[in-house]
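Below is one structure, written out as structure tokens; the observations come after it.
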Amino acid sequence: MAIQKKNKHSATDHAKEAYTLTEAVQLVQKSTSTKFDASMDVAVRLGVDPKRSDQMVRGTVSLPHGTGKSCKILVLCTADKEREAKEAGADYVGLDDFIEKIAAGWTDIDVIITMPTVMVKLGRLGKILGPRGLMPNPKVGTVTMDVAKMVKEVKGGKLSFKVDKYGIVHSSVGRVSFPQEKIVENVMELLKVIVKLKPVSSKGLYVNSISLSSTMSRGVFVDRSIAVGL
């Protein structure tokens, strides 16, 4: 259960019950006592019905300060693209050998980038990659002929997000050790992209709630009005 700021206002007055984004960051940092540098995560509950294809919210965002996490990238490409993928910083580069490795259960990667001509080979891996959010998708840029450019963008902090079946977008926005202003800027950049992706068919309140937490902390509600006007 997320922490709410107690006050004398009505329980329905969510904006006044929640904290400012800076206050929420401070609270999460103070309440995190892990020995490792925990991830700082945000959960944005949207007023959409994910079961409807026209209300599926998904996209990519380039966080100005990255996530602070080392992202392991696999590029599945033809031989003529292998060198540029490696030089761009991909952790693993290849094709058939890695496809067989994944088919055998290997998924120790964070992002898979591939080419349009290679996608046909990945069809049989859908049941493995789909549930883990690893299936490349042209809508988020992970299916492209310019694999080197995408590798550089992902290494630089670009990440993809997708609303889950409960209507919530979850995303990492840094590490607990990040300066507060960098976390704030990362969250605002993510919200800006989410707001721009509001489905035309979505009526009423779009951003219902925003919650900030770390890997091992409780969530802290953030005043959702920060998303207004983005």
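Read the figures in this text as sums done on the coordinates, not as results from a lab. From a predicted model like this one, the values you see are computed outputs, not experimental measurements. As a convention, Cβ positions derive from the backbone with ideal geometry for all residues, glycine included, and neighbour counts pool all protein chains shown.
Go ahead and estimate [θ] at 222 nm for the chain from helices alone: -39,500 (n - 2.57) per DSSP H run with n ≥ 4, summed, over the residue count, rounded to 500. Don't skip to the answer; put the middle values down first.
Values: 8 runs with 67 residues, N = 230.
Value at 222 nm, helices only: -8000 deg cm²/dmol.
Once fully extended, how much extra length lies between Asn208 and Asp49, figured as 0.36 nm per residue of separation less the alpha-carbon to alpha-carbon distance? Provide the component values of the computation, followed by the final result.
On the way: separation 159, 0.36 × 159 = 57.24 nm, distance 1.28 nm.
Additional length available on full extension: 56.0 nm.
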Across the range 73-155, what fraction of all alpha-carbon pairs, as a whole percent, falls in each successive 5 Å bin from zero upward? 3, 17, 32, 28, 17, 4, 0
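Grab the beta carbon distance between Lys121 and Arg58, set R0 = 30 Å, and tell me the FRET efficiency rounded to 0.05.
On the way: r = 23 Å, r/R0 = 0.77.
Given R0 = 30 Å and the Cβ-Cβ separation, E is 0.85.
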Straight-line reach only, C-alpha to C-alpha below 20 angstrom: list the aspartates and glutamates that Lys139 could link to, leaving out same-chain residues fewer than 8 apart. Asp49, Asp54, Asp110, Glu153, Asp164, Glu189
For each of Ile168, Ile194, count neighbouring Cβ atoms within 10 Å of the residue's Cβ, then give the residues from fewest to most. Ile168, Ile194
Which entries in the list Lys69/Lys127; Lys72/Lys203; Lys101/Lys149 go over 31 Å, if you measure between the two C-alpha atoms of each? Lys72/Lys203
Specify the angular offset, from 0 to 90 degrees and rounded to the nearest 10, of the alpha carbon long axis of helix 180-196 from the longest principal axis of the alpha carbons in the chain. 80 degrees
Rounded to the nearest 10 degrees, the helix 79-88 long axis (Cα) sits at an angle to the longest Cα principal axis of the chain of 40 degrees
What does the charge dipole of the range 73-155 about its Cα centre add up to, to the nearest 20 debye, if the Cβ of each Lys and Arg holds +1 and the Cβ of each Asp and Glu holds -1? 300 debye
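How many percent of all Cα-Cα pairs in the chain sit more than 33 Å apart?
Values: 6126 of 26335 pairs.
So the portion of pairs separated by more than 33 Å is 23 percent.
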Along the Cα→Cβ direction, 7 angstrom out, place labels at Ser177 and Arg132. What is the inter-label distance in nm? 2.7 nm
Return the aspartates and glutamates within reach of Lys152: Cα separation strictly under 13 angstrom, same-chain partners fewer than 8 residues apart disregarded; answer none if there are no such residues. Glu84, Glu87, Asp91
